[in-house]
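This report refers to the structure that appears directly beneath it.
The values are calculated or read from the model by the stated rules, or taken from the named source; none is laboratory data. Please read these numbers as outputs of a predicted model, since none were measured by experiment. Don't worry about glycine lacking a Cβ; one is built from the backbone with ideal geometry, like all the others, and counts go over all protein chains shown. Side chains included, ligands, DNA and RNA excluded: accessible areas come from the protein's heavy atoms. Shrake-Rupley method; radii C 1.70, N 1.55, O 1.52, S 1.80 Å.
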Amino acid sequence: TGLRPGVVCTLQKRDVAVRYGKRQVYVRHGKWSRPRKGQIKDKSRWVTITRSLAELLGAYLDRARSGAGRTDPVFLNRWGQPLGYRNLYNMIKNVGRRAGLEDLRPHRARHTYSTFFLNSGGGLKALQEQLGHEHYRTTEIYAKSLESAKEAAVDDFQNYLEEQTTYIEA
């Protein structure tokens with residue numbers, strides 16, 4: 001999803017819209033949106049998720065959280081308390097170890113999502129909205145890994161131009 005780990009931990013059942021063709025998660029008060037020095041910035045937003053994640057979340061909510069109220073947390077730790085950042089960190093670290101990835105951490109998953117999103121053709125503006133970045137420059141950090149994607153896009157453009165030239169000449 002590209003969500004910050006803290007957002008995942010604070011998701012409420014009402015924040016997950018995976019019914020009736022919807023595939024979204026609501027981020028309440030994104031990073032730094034609480035009142036500071038008299039200013040209030042509401043960075044709340046809907047984040048689109050993949051079809052497979054929507055199906056998994058729907059099944060999880062039906063099976064494990066069916067009795068939960070609208071404002072109850074989506075994810076709980078093994079003691080039935082709201083999932084905390086340390087719980088999430090440890091779970092992801094353990095999954096990484098079992099998969100042979102010693103350096104897997106929650107925020108690294110956000111970076112990986114961003115890189116894959118851009119490499120698959122998603123634009124910087126769309127990624128900025130998904131990640132909740134206020135400034136475009138923050139999102140541009142992820143564009144560094146796009147060299148191979150840029151070359152492929154230029155090659156596709158070249159092929160398109162050649163097709164158009166052939167069509168015009170014919």
List the aspartates and glutamates whose Cα sits under 19 Å from the Cα of K93, skipping any in the same chain fewer than 8 residues away. E102, D103
Restricting to aspartates and glutamates and to Cα separations under 15 Å from K22, and discarding same-chain partners fewer than 8 apart, the set is E55
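Once R0 is set to 30 Å, what does the formula 1/(1 + (r/R0)^6) return for the Cβ-Cβ distance between D156 and H29, expressed as a FRET efficiency to the nearest 0.05?
Numbers: r = 40 Å, r/R0 = 1.34.
With a Förster radius of 30 Å, E is 0.15.
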Using only the Cα atoms of the range 45-103, each taken as one equal point scatterer with no solvent, compute I(q) by the Debye sum, divide by I(0), and report log10 of the ratio at q = 0.22, 0.26, 0.27 Å⁻¹. -1.10, -1.13, -1.12
Per residue, accessible area of the chain with a 1.4 Å probe, heavy atoms of protein chains only, in Å², comes to 69
Whichever aspartates and glutamates have a C-alpha closer than 18 Å to that of K43, once near sequence neighbours (fewer than 8 apart) are set aside: D15, E129, E134
Which three extents, in angstrom, do the Cα atoms of the chain have along their principal axes, listed largest first? 70, 46, 38
Determine, from the Cβ-Cβ distance of M91 and R137 and an R0 of 25 Å, the FRET efficiency 1/(1 + (r/R0)^6), rounded to the nearest 0.05. 0.20
Share of accessible surface on carbon and sulfur in the chain, whole %, 1.4 Å probe and ligands ignored, is 54
Contact order relative to length of the chain, as percent, for alpha carbon pairs under 8 angstrom and 6 or more apart: 23
Can you give me the Cα centroid spacing of the range 39-111 and the range 115-141 in angstrom? 21
